[in-house]
Every structure is written in C-alpha cells, then in structure tokens.
Amino acid sequence: MNNSHGAVPSSFRDPSGFVFLWDGQLYRQVNSSYQDLFDLLMGSGLYHELTSSRLLVEHQEVLLPHGKQAGSYKIIKPEVISFLSFPYEWCFSQFKAAALATLRIQEKALEHGMVLKDASAYNIQFSDGRPVFIDTLSFERYREGEPWVAYRQFCQHFLAPLALMSATDVRLGLLLRNFIDGIPLDLASKLLPARSHLKLGLLMHIHLHAKSQVKYGDAHRDGERTADKEKTSGKVSRQAMRGLIDSLKSTVKNLEWNPKGTEWGDYYSDTNYSDQAMQHKMSLVAEFVDKAAPKTVWDLGGNTGVFSRIASQRSIDTVSFDIDPAAVEKNYRRLVEQKEQNLLPLVLDLTNPSPAIGWQNQERDSLLSRGPVDAVLALALIHHLAISNNVPLPKIAEFFSKTCSSLIIEFVPKTDSQVRRLLASREDIFPQYTKEGFEKAFGIHFNKVAAHPVSGSERTLYLMQKKQE
Amino acid sequence: MNALTFSITLAVITLVFGREAHAYLDPGTGSMVFQALIALFLGAAATGKLWWSKVKSIFSKKSDRENNE
C-alpha cells in the first residue's frame, strides 16, 4: 500500500468499523453503533482470555490528532503483523491450524456470551508461526436459540479447502484465489471422492449442507424469503451450538495430509551437494546476511527453509517461499515443533505469484506489492527461472531490483549437474546463460559487493547491493 | 400505546435492527435451515459426549478406590 493516509481498500463491509492508515500506521475505528459490543468484548473477559492465549491480536486505545469523527466511538491501534499472507498461500497444516484457531475462538466467545459474526479465513494471519485472529470487531452478542450466522462461511473458507487438500489434491488450496468467499460447497462436494460420504463430518457439513443450499438457498422468488425466515427461526440451542462447533472441530482434526511424493519434498537428499559444499554454502550465506544486515528477508525457492533459518535465527523477519506444498509443509511442521520465531513458510509459484484480487482488484494485495524487502535469498533458483522457465537473465535481474535492496544469489552454471539434467531433454537455446552474461545482466541494477565460489561445487555465491537511483 | 410499551417496542426494534447491522454477513438461507435441521442431532451428540465422559470418570474413580483398598 502506498498511501500513508486513507481507508484500507479491503475494509468496507463491516458496519461496526473499518481499518485505515494514518501517517503510515495502521488503526481501526470502532463505530458508535458497535459501542456496546466492544465494551462487552473488553469487559466480559473475552478479550483478555483471547489475547493471553495468543488467539487475538492485542490493541491499544489511541487518540488521533484529527480528533473524534462523528459516528466514531474509539480508535484502536492493533498489533502489527510483519507480513500479510492469504489462505491460498498457506500449506495444509497452516490452514488446519487457522481453522482450529477460529473454532477455539468461537468456543471461548460462547463461554463469555458472544459469538463470531464471521468466519473468514482472511481474519487469520500468522505471527511467529501461529495463527492469530486480527478482526477485533468480529464479535457479536450470543442469543440463545440463534443459529451461527458464520457456519456457511466457515465451511466454505476452511472445511471445504481442507477436505479437498486432504482427500483430493493438496494443490486445490489454490482454488481460493478464484473463489474469494471460499470454495462453493456444491463444487467441493463434486470434487471430493465418493468415500468422503463415509465420514460423518464431511457428509453433514459439505455434502448435505451443499444440497441444502441448492434446495433452499438461491430461489429469490417473492414471498419465498419470508417463508424461509420462519423455517430458520427454528431453534439452535446452546447445546446444539456446542455440538456444532465440536463436530466441526473433530471433522477438521481428522483431516490429514502427509507430504510425500511431490517433486521437491525430498530435495535435500536429491541434490548434488556434498556435506562439505553444504557447510561452506551455509557459512557463506551467514557471512553475507551479516554483511547486509537486513531487517526483513524473503527466501525465494527456500524449500524446507534450511537457509531461511540462517536469517530467522538472527531474529530477522523471514518469509520462506517455495512452489512445493510438501516442502512448505515440512518447513512449517519443523517451525511448530521447534517453536521457532521470525519465520513464515508460504507456498508460491514465482513465475505466477499471487495476484491482487477482490473488489476492484484491491482487497487482497498481490505478492509483489507486499514487498519490497531488505534482502532476498535466491539460492539454487536462477537456473529454474532462466532455463526451465525461459526467463531471460536481464528480466530476472529487473525483477530482483524491484523486490530487494540486498541480494544474495547463487549462480548455477551449465556445467553444474543439475543444469545438465534440465538441459538433457531439450535444446540449449541459452547462449547468454553464462557467468559473464549473469554478471552483465545483474550489473545493470546491482553492484557486486562480494563473490565466492562454493567449494565442492561449480556454483558461485554473490552478495549484491541495489544501485542508488 | 403508553410510554412504557412504546419504549419497549423501540428497544426491541433497536435490538433487531442493531443485531442485523452487525451481523452483516449473508448466512445463506439454505445453511441456516440446514443448521436448524441438524441442531437436534448435534445437541444430542454433545450431551451424549458429556454424559459419556462423566460415566468414564465415575468408573475410573471407582477402580482407583478398589485398587487402594
């Protein structure tokens, strides 16, 4: 986002308030209409319980110089998330954790007489590897007998994608890029394998739920709406509500996906790196990271995050991107197990990164507009872009110049066995792909600060600094 | 309509519309109907689970007592 003042383009649907930027800082306005509910959230103990278990972002109440606007009750300054990520970028376990966090929040809310009024996956962000709810105004008063209005949204945003990733194909999480309000249940129902009907949770919350939507939902004929309203005022008791949340929770918990058999999952056992070369490369990368001293790092093509951790373990905010869901999954599982901080693994196809989507293509930022960062690690990557994907070196250099100030990049020459493997089944149409060609292309945008061959390999590791404009 | 009735009516209307203004999400008519349909089943399941864990805890306490005697 370039504006340092102004409403955030994705924050416009909720009449309770909205998020805006002032002087480059993020704030949330609580509208007067939401006053009672906000006070209930704070006074009932729910806010305290959720923030102390790291389920909800904390906030401070603030006063802004332009004073109180009409219709505004309070201005709060929420805790900042260092990198915004979106559900179509999450690996399976991140998604599952986000779903379970949402349900746990709903459970705790019920204990304090409140409910979530929406269950969008965009309400969750990741902070130090853990899912955290960012929409403080998402709470509504619980009224006995009322159904959960967010049930549909939970099933479409969380349950359907998770079920599809688990039972059909892990890549189906990407469908969320196209369906901004979650995967339609009739589509999910069609794509799930027949045996999913044998799981009670999926049978109920996806298959039968989908049929119910078709039967009752979309006929906006005159009079029919009123009739349906009477049907829906059939009670959902508190116990039934608990049962619903419980059922969703166990359905989600029982969805599993284990990374195996995707192309890059076993990468590090399949590389041409000897232990010596690996050790040397790691110490070189560490040296270059220390030299560049970035505050933020993107590791592009980071695989399971071995090199990302060089940065994150130096308390540098690091995002570790890879195209392979299995690698990202392994990365994330290790992060959770070791309780690591400053690291966010995400799924990304660099040749087709997340676009800007939503209303006016402004609700969810494209990947590139969530940058630039201080430093990018581009290790064992360039040959995939230049050779496998036919992107000319000058274009690759231009891309990096827009993405970072410091660049730690590994040049992988044609004599390298991995590149020979890539060229084995195709014509070599890359006369410019040489060390000289590489240095020339990057020299347009970057100054070479350091260059070091990686011992035990044919590769060279560079530290580059973007030229001042 | 006297003053009391009027203010009660007003309160009810505010509550109804106030509520609707906050729950801005389209819940989906079919989803609401479906939820009401499965409500009884889910409520019974939740109660059953609670009952079963109580039964289990009674029996585990009993066996502890028996072992200690």
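The values are calculated or read from the model by the stated rules, or taken from the named source; none is laboratory data. Please read all numbers here as calculations on a predicted model, not as lab measurements. Glycine also receives a Cβ, built like all others from the backbone with ideal geometry; neighbour counts cover every protein chain displayed.
A few points about this structure:
- Residue that is surrounded by the fewest Cβ atoms within 10 Å (Cβ to Cβ) [pool: residues in the stretch A:153-186 that are farther than 20 Å from A:I245 by Cα and polar (S, T, N, Q)]: A:N178
- Qualifying residue in the stretch A:82-100 (condition: out of contact with any helix residue (DSSP H, G or I) (no Cβ under 7 Å at 6 or more places or on another chain), closer than 17 Å to A:T136 by Cα and more than 14 Å from chain B (Cβ to nearest Cβ)): no
- When A:S366, A:S401, A:S388 are checked against the criterion of being at negative phi, crowded, with 19+ Cβ neighbours inside 10 Å and polar (S, T, N, Q), A:S401 stands alone in meeting it.
- Every listed requirement among (1) under 24 Å from A:R459 (Cα atoms); (2) over 17 Å from the mean Cα position of the chain (by Cα); (3) surrounded by 14 or more Cβ atoms within 10 Å (Cβ to Cβ) is met by A:D322 save one, (2).
- Every test in (1) surrounded by fewer than 21 Cβ atoms within 10 Å (Cβ to Cβ); (2) outside any loop (DSSP other than H, G, I, E, B); (3) out of contact with any Phe, Trp or Tyr (no Cβ under 6 Å at 6 or more places or on another chain) is passed by A:V419 save one, and that test is (1).
- Which listed residue is buried (at least 22 other Cβ atoms within 10 Å of the Cβ), among the small types (G, A, S) and touching a helix residue (DSSP H, G or I) at 6+ places or on another chain (Cβ under 7 Å), from A:A121, A:A150: A:A121
- The stretch B:14-69, subset modelled with pLDDT under 85 and of a type in the set (A, V, I, L, M), residue farthest from A:S237 (Cα to Cα): B:A21
- Looking only at the stretch A:137-159, and only at residues there that are under 19 Å from the mean Cα position of the chain (by Cα) and more than 14 Å from A:L100 (Cα to Cα), the one that is farthest from the other protein chains (Cβ to nearest Cβ): A:Q156
- The sole residue among A:V80, A:V62, A:V57 that is closer than 16 Å to A:L26 by Cβ, touching a residue at least 12 places away in the same chain (Cβ under 8 Å) and over 23 Å from the mean Cα position of the chain (by Cα) is A:V62.
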